[in-house]
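As structure tokens, the structure follows; a few thoughts come after it.
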Amino acid sequence: MSVFSEMDGGCEEVVFVHDPPTGLRAIVAIHSTALGPSLGGTRFFPFRTEDDAIADVVRLARAMTFKAAAAGLDQGGGKAVIIGDPRTDKTEELLRAYGRFVETLGGRYVTAEDIGTSQADMDVIRTETRFVTGVSPSLGGSGDPSVMTAYGVFLAIRASLEEAMGEASLAGRRVAVQGVGKVGSHLVKHLIDAGAKVVVSDVDEAAAGRLSAALGVDAIDPDKIHAEECDVFSPCAMGGVIGDRTIPDLRCRVVCGAANNQLERPEHAQALAAQGILYAPDYVVNAGGVINISEEARGYEADRAKASVERIEGTLGRVFAAARDRGVTPLEAADGIARARIAGLPRLRGYWAPGDATFVRSEPR
Ligand code: NAD
């Protein structure tokens, strides 16, 4: 594999980190700092090959650029991977070695939790670097991001119903939620409170059973949830669930959920549209978590963070309107809005403003 060809399409920087005594092997991809410091989680995962790790980290960093830009944040997109099994390879020394390297990047990359890393890990990393978010509230952190992610998804479902059915209300609407982990379970509570009829599924039968017992929702076979007749299908488990195999089975009006990279391929956005299904672009829908952690830069305040997450409903409404105006899919419209911010705003830095550089008066000669 050529790392440079992986970076084609605009990834600014890829940094390889190696600390043999701790076994740390990490890769940081800084996809874009056009709008601000790159922000994205650290995935601790036993990648099969180094090529897989490189391809993944660049792809994930690119998605963060678009997510932050579409969410209206002054943040860029980045991501990191630590190659290894978090259950056996994670030690305090390794995490601190990693934190030390993040610090050397001087703030061009700000990390957070992701698959295989936790809030407790971020607290350890915080001992070595300022450039980490998602630490414990006692350290000034914003806590578990999935609460705000779920709230954002709920608001996105409202915006999608408004677009597809002319009415944002959830009352009496039927929603099928695939995956009731951290985000899905919070989402189900919002939906029920809003009067929706909810059906759930999870490959972890115990998790689905617990939620079903606690909230009185139906739990069904994970292989069948995407084919459930409903107003909204909400993928909140894995990526790649919308593709050639599943699209013909869908019996919903809207696809709107938390999972990253829901479409197997971008052209599946057109396939959904052709079937009369409104697809709410995943990275617009699930931005609540990143909006929440980005608030840590200003000193985290829960009320302000919640208000920022609430902008998702309007943002998605504008995406749908742009899609209608331009005759494109909502995914193409969202990409266009993100690209316009990334291309347009950095231009303003060409105008000098106080704080850009020190004014030094020289003595007249
Ligand atoms: P999680 O691991 O807590 O929950 C995922 C759940 O999905 C688990 O309960 C798992 O058993 C279940 N699952 C896995 N495969 C399934 C399948 N085929 N059918 C049904 N259930 C299945 O993860 P999470 O934090 O709730 O995140 C859910 C999704 O949202 C992920 O794709 C994640 O990348 C994305 N996301 C999460 C956040 C966040 O703040 N946590 C933010 C943005 C995006």
Just subtract the alpha-carbon distance of R210 and R87 from 0.36 nm times their residue separation and send over the number in nm, one decimal.
41.7 nm
Carbon and sulfur %, accessible surface of the chain computed with the full protein complex present, 1.4 Å:
52
10 °C / 1.306 mPa s Stokes-Einstein diffusion coefficient of the stretch 197-293, Kirkwood radius on C-alpha pairs, µm²/s
113
Whole-Hz Karplus couplings 3J(HN,Hα) for the stretch 156-164, θ = phi - 60° and coefficients 6.51, -1.76, 1.60, Gly and Pro as x, run 5, 5, 4, 4, 5, 5, 4, 5, 7
Please report, in whole Å, how far the alpha carbons of the stretch 133-195 spread along each principal axis, starting with the longest.
44, 20, 17
If R₀ is 35 angstrom, what is the calculated FRET efficiency for the pair I192 and R339, using the beta carbon separation as r and rounding to 0.05?
0.40
How big is the antiparallel share of DSSP beta bridges in the chain, given as a percent to the nearest 5?
30
Express the accessible area of the stretch 57-163 per residue in Å², computed with a 1.4 Å probe while the remaining protein chains stay in the model.
36
The stretch 3-102: trypsin sites (Lys or Arg not before Pro) in DSSP coil with no more than 10 other Cβ atoms inside 10 Å:
R48
Summing -39500 (n - 2.57) over every DSSP H run of at least 4 residues in the chain and dividing by its residue count gives a helix-only mean residue ellipticity at 222 nm, to the nearest 500 deg cm²/dmol, of -12500 deg cm²/dmol
For A322 and F16, what is the calculated FRET efficiency with R₀ set at 56 Å and r taken between the beta-carbons, to the nearest 0.05?
0.90
Between the alpha carbon centres of the stretch 280-338 and the stretch 166-186 the gap in Å comes to 18
Between V203 and A302, what FRET efficiency follows from the Cβ-Cβ distance if R0 is 35 Å, with the result rounded to 0.05?
0.60
Equivalent-ellipsoid semi-axes of the chain, from the Cα gyration tensor, Å, largest first:
35, 25, 20
Straight-distance crosslink candidates among lysines, where the alpha carbon sits under 30 Å from K306 and sequence neighbours closer than 8 are dropped:
K67, K79, K182, K189, K197
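The values are calculated or read from the model by the stated rules, or taken from the named source; none is laboratory data. Computed from a prediction, not measured in an experiment: that's the story for all the values here. Counting neighbours? That spans all protein chains shown, and the Cβs are built from the backbone with ideal geometry, glycine included. Note: areas computed on protein heavy atoms with side chains; ligands, DNA, RNA excluded. Shrake-Rupley method; radii C 1.70, N 1.55, O 1.52, S 1.80 Å.
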